Amino acid sequence: MPRLIECVPNFSEGRDPAKIDALVAAMKSVEGVYILDRESDSDHNRCVITLAGEPEPVAEAALRGVGKALEIIDLTKHSGAHPRLGATDVVPFVPVDGVSVEECIVLARKVGNEIWSRYKIPVYFYEAAATRPDRTNLENVRKGQFEGVREEVLKNPDRAPDVGDPRLHATAGAVIVGARKFLIAYNINLNTPDVSIANKIAKAIRFSTGGLRYVKSMGVDLRARHVAQVSINMTDYEQTPLHRVFEMVRSEAARHGASIIGSEIVGLIPKRALEMTADFFLQFENFSPEQVFENRLAAALSGAPLDSGPGKLAALAHPFLNAVAEPTATPGGGSVSAFAGALAASLGQMVAGLSRKKKSQAAYADQLAQAVTEMHAAAADLAAAIDRDAESYNAVLAAFKLPKETPEESAHREQAIQKATRCAAEVPMTVARKSAEIFEYLGQLEAISSASMLSDLRVARLMAAAGARGALANVAINLDSITDAGFVAMMRKQSSEIESRLSGASARA
């Protein structure tokens, strides 16, 4: 199975096709790198190119793109509606398959240092790769843009780059390199050229000014089209989905006497994001992603069971049941606990999804739609923890197999055991905390869900409680082997708080 990442470098050139071709050609020259998409905008004077492949080739392609941009883009002669700090403005690395965010952080830092080494362009790190909390948000790093930062960095040490000399490159500025989850770049155009309206809408919807979580936005003047645009970055489309952003922009626009004339995706978008939006607007009943032709075809080609007749659900369950039943240490109780929590969230998603389509629950449709989104995200997190728990315990077993013939080897082995055991306690603690949150949330849903589905909700709560308490049992058994008294005390305090939440919520139910 290949290890895949995405990289989406943004270059400060959107008007000269020959220069954009040169950027693409430079990155395409690396074997094993796929150019999935290229987007350019003359008003923004910016292009976005999507690369994919295994980590090292993609990193090299991004570096060649930075080098080519240095040759052909001069920021002292550049203007456009979109903020920018560099000829290559941002270079984010995104995990796709078989690669973690942590590995993308390491890759981003490596690329950042190589940019300085090869091209003497300073680098800032952002999002998950940020070395300082105030640089997590891109807008904080880019505040003042090329012209402002170029002057401020000479006087204010706090604005110095993370890598390189404390000054910007004369023509290429600085590169902002990061690691993050999949981002949707989404623009909504209004039927007015008044950019102040777009700015007001952007302020209302972005999280930093009290709007939607995982949304960044700004108003943009598209002079060539004589319209104003709300330019949006969505950093977690499952927590805050596309349709919620669209509906809030439409509502805010109406407040200012404007309306939406169209919207656009810049770059690529996950299919799941469109499935969620279609389900919301079309109000499908009992919709499943399995009903999408391409999804079913992909499953067939992968050998997954597609039979819709008797035994289909059992066929889906058997692989996990068989894995648990094997006489091996993993998957064990921790994975089963995470699975129980994931089942609870999935059942809660089903209840909320069906309830919001019933006339009797129309008054709660928005709350139930939010519950669908949150339960889906929670189920995905806990499903991922099934493997994380097994991997953490396998790491403990591996540490115990390290050599211990010399004092140095023995000390190294003990250090590795302690580190792995801490991780083996932290993973189920995360499962316990998430499962307890689901348990409480499901209790709140009882008041707004269809009465006919009360038994499903109660089953879901039982599963969530089982997941939380099972995970806490795994935390406790690992704490017995950890020598760090402070860590043990902290984890036991958290365990007690989670158990109190479960007991208290049960008493109120």
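Computed from the coordinates by the stated procedures, all read-outs in this text should not be read as laboratory data. None of the values given here were measured: they were computed from a predicted structure. Neighbour counts are summed over all protein chains in view; Cβ atoms, including those assigned to glycine, are modelled from backbone coordinates with ideal geometry.
5 Å is the cut-off here: which amide hydrogens, built 1.01 Å from N in the peptide plane, fall below it relative to Asn137, excluding neighbours closer than 5 in sequence?
Here the answer is Glu127, since their amide H atoms fall under 5 Å of that of Asn137.
Fewest first, what order do Ser392, Ser346, Ser117 take by the number of other Cβ atoms within 10 Å? Mind showing how you got there, number by number?
Details: Ser392 23, Ser346 19, Ser117 11.
By the 10 Å Cβ count, ascending, the order reads Ser117, Ser346, Ser392.
Give the span of the chain's Cα atoms along each principal axis, as three whole-Å numbers ordered largest to smallest.
Computed over the chain, the largest-to-smallest principal extents equal 73, 65, 47 Å.
Compute the orientation-averaged projected area for region 180-307 from the convex hull of its Cα atoms and round it to one decimal in nm². It would help to have the intermediate numbers written out before the result.
Numbers: hull surface 38.7 nm².
Result: a mean projected hull area of 9.7 nm².
Taking H placed 1.01 Å from N in the peptide plane, check which residues at least 5 places from Val90 or on another chain put their amide H under 5 Å from its amide H.
Amide H neighbours of Val90, under 5 Å, 5+ apart: Asn10, Ile176.
Each residue of region 448-455 in order: what ³J(HN,Hα) in whole Hz does its phi give by Karplus 6.51 cos²θ - 1.76 cosθ + 1.60, θ = phi - 60°, with x for Gly and Pro?
10, 8, 4, 4, 5, 10, 4, 5
If you line up the Cα atoms of region 328-508 on their principal axes, what length do they span on each, largest first, in Å?
Result, largest extent first: 73, 27, 24 Å.
In degrees between 0 and 90, to the nearest 10, how far off the longest principal axis of the chain does helix 407-445 point, with axes built from Cα atoms?
90
Of the options Ala398, Ile386, Ala464, report the single residue whose Cα projects farthest towards the positive end of the charge dipole of region 328-508 (beta-carbon charges: Lys, Arg +1; Asp, Glu -1).
Ala464
Whole Å is fine, so just give me how far the alpha carbon centre of region 322-398 lies from that of region 57-123.
After rounding, the separation between the Cα centres reads 36 Å.
Take the Cβ-Cβ distance between Ser79 and Arg250 as r, set R0 to 51 Å, and report the resulting FRET efficiency rounded to the nearest 0.05.
Details: r = 31 Å, r/R0 = 0.61.
That pair, Ser79 with Arg250, gives E of 0.95.
What does the convex hull of the Cα atoms come to per residue for region 324-399, in Å³?
Working: hull volume 5.3 nm³, N = 76.
That works out to 70 Å³ per residue.
If R₀ is 22 angstrom, what is the calculated FRET efficiency for the pair Val96 and Ala278, using the beta carbon separation as r and rounding to 0.05?
Details: r = 23 Å, r/R0 = 1.05.
So the FRET efficiency works out to roughly 0.45.
With only Lys, Arg, Asp and Glu charged, each at its Cβ (+1 for the first two, -1 for the last two), find how big the charge dipole of region 5-152 is about the Cα centre; round to the nearest 20 debye.
Numbers: 18 positive and 25 negative charges, 98 e Å.
Roughly 480 debye, rounded to the nearest 20.
With label points built 7 Å along Cα→Cβ from the Cα atoms of Glu290 and Thr209, find their separation and express it in nm.
Inter-label distance under the simple model: 4.5 nm.
According to a simple spin-label model (label point 7 Å from Cα along Cα-to-Cβ), what is the distance in nm between His226 and Asp480?
7.8
For Met453, Met276, Met350, what's the fewest-to-most ordering of other Cβ within 10 Å of each Cβ? Provide the component values of the computation, followed by the final result.
On the way: Met453 20, Met276 23, Met350 17.
So the residues, fewest neighbours to most, are Met350, Met453, Met276.
What list of ³J(HN,Hα) values in whole Hz, one per residue of region 68-81 in order, does the Karplus curve 6.51 cos²θ - 1.76 cosθ + 1.60 (θ = phi - 60°) give from phi, with Gly and Pro shown as x?
5, 4, 4, 6, 10, 10, 10, 5, 5, 10, 9, 9, x, 6
For the pair Glu409 and Asp165, what calculated FRET efficiency results from E = 1/(1 + (r/R0)^6), where r is the Cβ-Cβ distance and R0 = 41 Å, to the nearest 0.05?
Values: r = 43 Å, r/R0 = 1.06.
Result of the calculation: an efficiency of 0.40.
How much mean residue ellipticity at 222 nm does the chain get from its helices, if each DSSP H run of length 4 or more adds -39500 (n - 2.57) and you divide by all residues, to the nearest 500 deg cm²/dmol?
Numbers: 15 runs with 274 residues, N = 509.
One gets -18500 deg cm²/dmol as the mean residue ellipticity at 222 nm.
Provide, for region 4-179, the number of lysine pairs with alpha carbons under 22 Å apart, each pair being eight or more places apart or on different chains.
15
For the Cα atoms of the chain, what angle does the longest principal axis make with the long axis of helix 365-400, in degrees from 0 to 90, nearest 10?
80
Can you put Ile269, Ile176, Ile498 in order, fewest other beta carbons within 10 Å first? Before the final figure, lay out the partial values.
On the way: Ile269 18, Ile176 28, Ile498 22.
The order, fewest Cβ neighbours first, is Ile269, Ile498, Ile176.
Once phi is turned into θ = phi - 60°, what whole-Hz ³J(HN,Hα) does the Karplus curve with 6.51, -1.76 and 1.60 give for every residue of region 49-57, x standing for Gly and Pro?
10, 9, 10, 8, x, 6, x, 5, x
In nm, give the distance between the simple-model label positions of Glu391 and Gln444, each being 7 Å from the Cα along the Cα-to-Cβ direction.
3.1
Which value results when the Cα radius of gyration for region 4-179 is divided by 2.2 N^0.38 Å? Walk me through the intermediate numbers first.
Working: Rg = 14.8 Å, N = 176, 2.2 N^0.38 = 15.7 Å.
Here the answer is 0.94, to two decimals.
Determine the sum of side-chain charges near Ala385: Lys and Arg each +1, Asp and Glu each -1, restricted to other residues whose C-beta is under 12 angstrom from that of Ala385. If you can, show how the numbers build up before the last one.
On the way: positive: Arg388, Arg433, Lys434; negative: Asp381, Asp387, Asp389, Glu391, Glu426.
Combined, the nearby Lys, Arg, Asp and Glu give -2.
What are the residues whose amide H is under 5 Å from the amide H of Arg46, where those residues sit 5 or more places off or on another chain and H is modelled from the backbone?
Glu13, Gly14, Asp41
On full extension of the chain, what length is gained from Lys155 through Ala323, given 0.36 nm per residue of separation minus the C-alpha to C-alpha distance?
54.4 nm
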